[in-house]
Structure formats: structure tokens, C-alpha cells
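> I have a structure I would like to understand better, so I am pasting it below and will then ask my questions one at a time.
Every number here is computed from the coordinates shown, using simple stated rules; none is lab data. In this text the structure is predicted, and so the values were computed from the model without any measurement. Because the Cβ atoms are built from the backbone with ideal geometry, glycine has one as well, and the counts that use them run over all protein chains shown.
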Amino acid sequence: MASLQFNKLDKHFGAVKAVKDLNFKVNDGEFICLLGPSGCGKSTALRMIAGFEEPTSGDILMDGQSIISMPPNKRPTAMVFQKYTLWPHMTVFKNVAFGLQLRKLERKLVETKVMTALELVGLKGYDKRLPAQLSGGQQQRVAIARALVLEPKIMLLDEPFSSLDAHLRVRLREELKSIQRQLGITTIFVTHDQEEALSLADRIAVMNSGWVEQYDSPDVIYARPSSQFVAGFIGSMNLFEAHNEKGMLKLGHFFLKTNDGVNGSEVKIAIRPEDMEIAESSGWPAKVKQVMNLGPFYSVLLEIESLGNLKAMFPKTSQVKEGDVFSVLPNRYLVYHDAGVEEIRL
Amino acid sequence: MSFLRKLGKDPFGIFIFIALFLFIIGPMISVILWAFSVQWRYPSLLPTQWGLKFWSQTFKRADILQALPLSLFLSLIVTLISAVICLPAAYAFARLKFRGSQFFLLSFLATNAFPRFGLYITIAVIFLKLNLVSTVLGVVLIQLVNTLLFMIWIPTAAFKGVDKSLEEAALDVGASRFRVFWQITLPQVIPAISAALMLTFVGTFYETQGAILIGLPGVRTMPVLMLSLINNQLVVQYGAILSLTLWIPSLLMLFFARRALSGKSLAAGFGV
């Protein structure tokens, strides 16, 4: 258990700046997700914590102590890799026990710890198998047990579930979260899957081309993405250009109210599909182009004159059908302007 | 059965089968027959007198009694030295990035890509000045040249095939670099390295060009001895018996190879 602090961390590979000016703090026991598209530097940041990459400049502090001069085999971190990295010539037991045996622990103690760890990840009785005899999900469970058994101060996971099928991914995600809560271990989880990040993390660091765009709780990141990049990356978002004139925002033929915080004449308006509502009559006339049944609700593609396509989410009770014509209005939207972002509710 | 049935429907297959039989199995049968005959006169189809008489005669010959242990010793020593030189080099080729690594890796092909005799002649001239001709050391050195390709290429490809994250995972749980190599990397490449060792051993055992040019007259290996027996002797049996004896290393290798390795690991060794 430990806290972690990045201080002006940079990593360059030749001319490529993989990580730029990383500055954030992870509290003791927190579950953090580094989220971003591929090539955004999230894996490099994680590998610097583990010690596999050396920072070009800056510092990483664990409980206030710099760890960057420590070699990876001395750091109190444990990593779960993206691919299954179990050692193929060792049994499950040996894989999990390897790190403990290096520490010259007593044999009985090693056995107890390994068995406890395997039970924790739901693989009791699998200790004599070889990795090749396990499914992908089971192998990743063993990898998690191998990391946990060392009681690391920080657990690092590099897209551990990305090669599993969707069902298994969700299940392992739930299991991981409950294990993390049970042990209270500080965890840093790298993913490009926003759903994974939103469901797992206490806080998410959204990364883009080497730096952190926003570091906040999933609720805040979803409700108030601080930049257009985050707005576009997290969840589904309708983005429109708008003019800020005479105290109103003009998009297409329509006007939306603004507030004092909005600066500049050219702004972007972002609307979540679930923030669209069917309006009485004074709204934007819309024609339903497509209806997709997503189980609990409909995902609807609307065509709005002068705005183009707009995604909306309506409850099942709305009974919308393709070809329907009605009025819609957003009940909440974000305005991205020169000086930041404003949230406005109608 | 299904093989023969398939063959029956394929005239071209039958042709190939017969050709293979005549050119490979045929001479082998002839050699075996000669080895166990005491007298075989034209025009009879089979030996006119069978027996093991020439076996005891062959293995009483002083030159053979000397050449067999020498050949085994040479092959063993060359394989060992080659492993000591080449395996670390192979690891370096696979894991370290250095300038010209591709060029150096390809350069090992050079000894096999061009007629070797030209190379050997120039080496022989140098060896003559160094008084290495007709010595065991000279033969060891010349035969080492032959082994470089297999001993570097196969293990290099094998080391490259070991997923780096396997090594990182071991480092991550606290293993030292040396332990990672010894307990994680090496076990993954054992099949490929065994293949390289066996190929090197057998290849060295059968090597003649270098052994003739550098070794004669002082150092005479089994294959070299066999050549002279075949060329100079009227007794065909000596050649046949030695040739049968020389199959033993190949057969042993095939036997171990089937057990220790699959074709897969050999193919992986060549980066296929």
C-alpha cells in the first residue's frame, strides 16, 4: 500500500515524445485508470513505474521517496501484462511461487501464500496445471495471483483483459474490483476501453498524445469532460459548431441560452445522447432515421434540419419508430469556448 | 494403407516413389549386403558367401582404431567450442540492438554461400605458416568455421522467439538478470539449441573438405579414412562396413531429434 506521485515526468524515444510533463498523484489504496487511445503514452507511463523504461526527465515518488534509480527487480510493484505472460515451462503453482521462492521464504509459507492467492482469483485446485492447459481468462487470473502474492505496494495492470472476449472481460473486471477493494491495494490500470475505465476506477487519467487531458472521478469525467478530446473520447457525444451572439448561442437555425462564463464568438456545443428529450412543440423538428434497440433503451439517430445527424437515447416508453417526426431539445449541454468549458442546464 | 491407396491413384506419385526407392534405398541395401558378405562374385544377385569376417578385420585395422575415437573427440570438442562462442553471440544478436547486427548475422552465411574450397585453400596457406597443418588444433579451427552458421542462426531465431514480456514478468517479481536468463529464457530455447548442437556434432563428424586439406597426413578422421579406403582398396567390404558404422551418429541424432524436438521447433529455429 502506497501513494504515488509523478513529478514533471517526460519520456522521449528519440524524437518521439511518448510522455510529456506527467504530473499527478495517486492516493494510498486508490484504483486509477490511465485511459487513452493507442500510442497516447499510457503504457509507457506504466512501464516507467515498473522500471522497464527509464524517464528522460522528472521523478516518480512512492510514499515520498524517489524510485527511479531502482531497478525493476527491486521495486515494490507487481505487473500484470497485456499478453499472457505465464512461464510456459512452469506449473501454475511454480508460476505464482517463483517470486516468493526468490525471497527465500520457508516452503510451508510459500505453499500457504500461493494457495491463498489462487483461491482469491478463483483457481483453487488448478495449481498442478501448465499454462497451456488453461483458458485465456484463467491464465490472466494466474497472472493476477502472481502479482498479488508478493503483496506489492502498487499493482500495475497493462490492458490485462483486452485479449479476452466481452463476457469474460466484464466478469474479470468485476472480480478484480472486488479483490482490489478487499485488499485495499493501490492499483494503476491501463486501458483504451472507456467502459472499463468508467466502471473500475476511483479516478481516471485521460491521456492524449503523451499528456494527461483530465484527471478526475469517472462521474466528473463523464458529465463534464474538460476538453473536446475527452468529450469525444468518453462515451458518445454530439458536437456542433455554434456562434456566441447577443447573449445566445446560435447553432444551425436554432438558439440555445448561454451564461456569463462563455467567452469568444466561436464555440463548440457538446450534447450527450441521453440528455436529449422529446419536446412539446417549441423544440428542434427532428425526423427519426434509425432506431436501435439496446435492451433497456432505444438509441435513435435523428435528422435535424440545419444541424445534420444527432444521436439521442430515449426510454422504451417513448415508442419511437423509424420515420416518426417530432420535436426534440437538450436538457443539458456543454459549451467549449476559448477559456474552458461551461455546463448549462435548461 | 491409406498412403499406398493414395499412391495407387497417382501415376506421378508412383514414379517418384520408385525413383526415390532406386536412388536412396537401393544403394543403402547394396551397402548393407556388401557389409555382410564374404564373397560376392558377378553375376549372382546376392552375395555368394555371407559372414562377419570382414567386420573383425575392419575393426582390427590400426588406422580405423585410431580414426574412430579421434573423430568422436573432434566432433565433441568442435561442438563444445562452437557452443561457447556462438550461444552468447546468438543471445546478443537476438536481444541487443547494435550497429550492423543484420550485416554480421548475414556474414555467417558467406561461409556456406560460396564454394568452401577456395576459402579453405587460403586458410591452409595461413595455417601452413603457423604450423597448424596436420595438427588436431588446425582441424578443430577449420571445422569451427563450418559450424558457425547453424550454431548462430538457429539459437538467434530461438532467442528472438522468446517473448520479452516473459523476461520482464520475471524481472518484475524480483529475479536478477542472470536468473531470468537461466530460469526463464534458456528453458524456452532448449529444443532449438539441442537441434543446433546435434546438427553441429553430426555435421562435424562427417566433414571431409577441411579435414582433408588441413588434417592430412597427420590427422585422419573417419570419413577421410573411408574415402581413401574406397578409393585405394580392392576390398569393397571395408568401405561398406565403415559406411554403415558412420550411419550410427545420424541414426542416433534422428532418434533423439524425434524425441527431443518437433519439426516445429526446428522450423522456429530457422525463423520459419
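> Which of the lysines could be linked to A:LYS128 by a straight reach, that is with a Cα gap under 20 Å, when you skip same-chain ones fewer than 8 residues away?
A:LYS94, A:LYS108, A:LYS113
> Please give the peptides A:223-236, B:111-124, B:209-222 ranked by average Cβ packing (other Cβ atoms within 10 Å per residue), highest first, as a rough proxy for protection.
Values: A:223-236: 18.4, B:111-124: 13.1, B:209-222: 20.4.
By packing density, highest mean first, the sequence is B:209-222, A:223-236, B:111-124.
> Still on this model: Translational diffusion coefficient of the stretch B:1-149 at 25 °C, 0.890 mPa s, Stokes-Einstein with Kirkwood Rh over Cα pairs, in µm²/s as a whole number.
117
> Something else: Sorting B:ILE184, B:ILE142 on the 10 Å Cβ count, fewest up front, what's the list?
Fewest to most other Cβ atoms nearby, the residues stand as B:ILE184, B:ILE142.
> Per residue of the stretch A:300-311, in order, report the coupling 6.51 cos²θ - 1.76 cosθ + 1.60 (Karplus, θ = phi - 60°) as ³J(HN,Hα) in whole Hz, putting x for Gly and Pro.
Ordered by residue, 3J(HN,Hα) equals 10, 9, 10, 10, 10, 4, 6, 10, x, 7, 9, 8 Hz.
> Given the alpha-carbon gyration tensor of the stretch A:236-345, what are the semi-axes of its equivalent ellipsoid in whole angstrom, ordered largest first, with each equal to the square root of 5 times an eigenvalue?
26, 14, 11
> Points 7 angstrom from Cα along the Cβ direction at A:GLU111 and B:LEU216: gap in nanometres?
Placing both labels 7 Å beyond Cα along the Cβ direction yields 6.7 nm.
> Across bins of 5 angstrom width beginning at 0, how are the C-alpha pair distances of the stretch A:1-120 distributed, in whole percent?
Using 5 Å bins, I get a P(r) of 2, 9, 16, 19, 17, 14, 11, 7, 3, 0, 0 for the stretch A:1-120.
> Mind ordering A:142-151, A:57-66 by average Cβ neighbours within 10 Å, highest first?
A:142-151, A:57-66
> Give the residue list of GluC sites (Glu not before Pro) in the stretch A:68-119 that are DSSP loop and have at most 12 other beta-carbon atoms within 10 angstrom. Mind showing how you got there, number by number?
On the way: sites: A:GLU106, A:GLU111, A:GLU119; in loops: A:GLU106.
Filter output for the stretch A:68-119: A:GLU106.
> Could I ask something else about it? Per residue of A:77-87, count partner chain C-beta atoms within 10 Å of its C-beta, then hand back the mean as an integer. Intermediate results must be reported in sequence, preceding the final value.
On the way: counts 1, 4, 6, 2, 6, 1, 4, 4, 9, 2, 8.
Mean partner shielding for this stretch: 4.
> Something else now. Would you mind checking the radius of gyration and Dmax of the stretch B:108-196 based on alpha-carbon positions, in Å?
Calculated on Cα positions, Rg and Dmax stand at 19.0, 56 Å.
> From Cα coordinates alone, what are the radius of gyration and Dmax values for the stretch A:49-143 in angstrom?
Expressed in Å, the Cα Rg and Dmax of the stretch A:49-143 come to 15.7, 46.
> Per q in 0.13, 0.16, 0.29 Å⁻¹, report the Debye log10 I(q)/I(0) for the stretch B:2-51, using one uniform scatterer on each alpha carbon and no solvent.
Scattering profile of the stretch B:2-51, log10 relative to I(0): -0.48, -0.60, -1.01.
> While we're looking at this one, here's another question. Hey, what angle do you get for helix A:136-148 against the long axis of chain A, alpha-carbon based, 0 to 90 degrees rounded to 10?
Here the helix axis deviates by roughly 70 degrees.
> When Lys and Arg each count +1 and Asp and Glu each count -1, what net charge do the other residues less than 14 Å away from A:PRO131, Cβ to Cβ, add up to?
Around A:PRO131, the charge tally is +4.
> So, one more: Determine, at each q value in 0.21, 0.24, 0.26, 0.30 (inverse angstroms), the log₁₀ of I(q)/I(0) that the Debye formula gives when each Cα of the stretch A:138-186 is one equal point scatterer.
-0.75, -0.96, -1.11, -1.35
> To continue, here is another question. Student exercise: in the stretch A:236-345, how many lysine pairs 8 or more apart or on different chains have Cα atoms under 27 Å apart?
Lysine pairs meeting the criterion: 19.
> Which value at 222 nm does the protein assembly as shown reach when only helices count, each DSSP H run of 4 or more adding -39,500 (n - 2.57), with the total divided by all residues and rounded to the nearest 500 deg cm²/dmol?
-14500 deg cm²/dmol
> Using every Cα-Cα pair within the stretch A:4-231, state what percent have a distance larger than 26 Å.
Cα-Cα pairs of the stretch A:4-231 separated by over 26 Å account for 37 percent.
> Looking at the stretch A:4-231, what % of its DSSP beta bridges pair antiparallel, to the nearest 5?
On the way: 18 of 36 bridges.
Percentage antiparallel, nearest 5: 50.
> I'd like the orientation of helix B:136-161 relative to chain B: the angle between its Cα long axis and the longest Cα principal axis, in ° from 0 to 90, rounded to 10.
50
> Sort A:ARG141, A:ARG47, B:ARG5, B:ARG95 so the one with the fewest other Cβ atoms within 10 Å of its own Cβ comes first.
B:ARG5, B:ARG95, A:ARG47, A:ARG141
> Further question on the same structure: In whole Å, what are the extents of the protein assembly as shown along the principal axes defined by its C-alpha atoms, from largest to smallest?
Principal extents (largest minus smallest coordinate, Cα): 117, 65, 53 Å.
> Give me the aspartates and glutamates in straight-line cross-link reach of B:LYS97: C-alpha distance below 20 Å, same-chain residues under 8 apart excluded.
A:GLU53, A:GLU54, B:ASP163, B:GLU167, B:GLU168
> Could you tell me which of the pairs A:LYS153/B:LYS160; A:LYS25/A:LYS153; A:LYS177/B:LYS164 are separated by over 23 angstrom between their Cα atoms in the structure shown?
Over 23 Å apart, Cα to Cα: A:LYS153/B:LYS160; A:LYS177/B:LYS164.
> List A:MET79, A:MET155, A:MET90, A:MET292 from most exposed to least, where exposure is judged by having the fewest other Cβ atoms within 10 Å.
If I rank by nearby Cβ atoms, fewest first, I get A:MET292, A:MET90, A:MET155, A:MET79.
> What average count of beta carbons from other chains do you get within 10 Å of the Cβ of residues in A:42-51? All intermediate terms of the calculation are to be shown ahead of the outcome.
Values: counts 0, 0, 0, 0, 0, 1, 0, 0, 3, 3.
What the average comes to for A:42-51 is 1.
> Relative to the compact globular guide of 2.2 N^0.38 Å, what is the alpha carbon radius of gyration of the stretch B:189-233, as a ratio?
1.48
> Roughly how compact is the stretch B:56-269, stated as its Cα Rg over 2.2 N^0.38 Å to two decimals? Kindly include the intermediate steps, with their values, before the conclusion.
Details: Rg = 20.0 Å, N = 214, 2.2 N^0.38 = 16.9 Å.
For the stretch B:56-269, the normalised Cα radius of gyration is 1.18.
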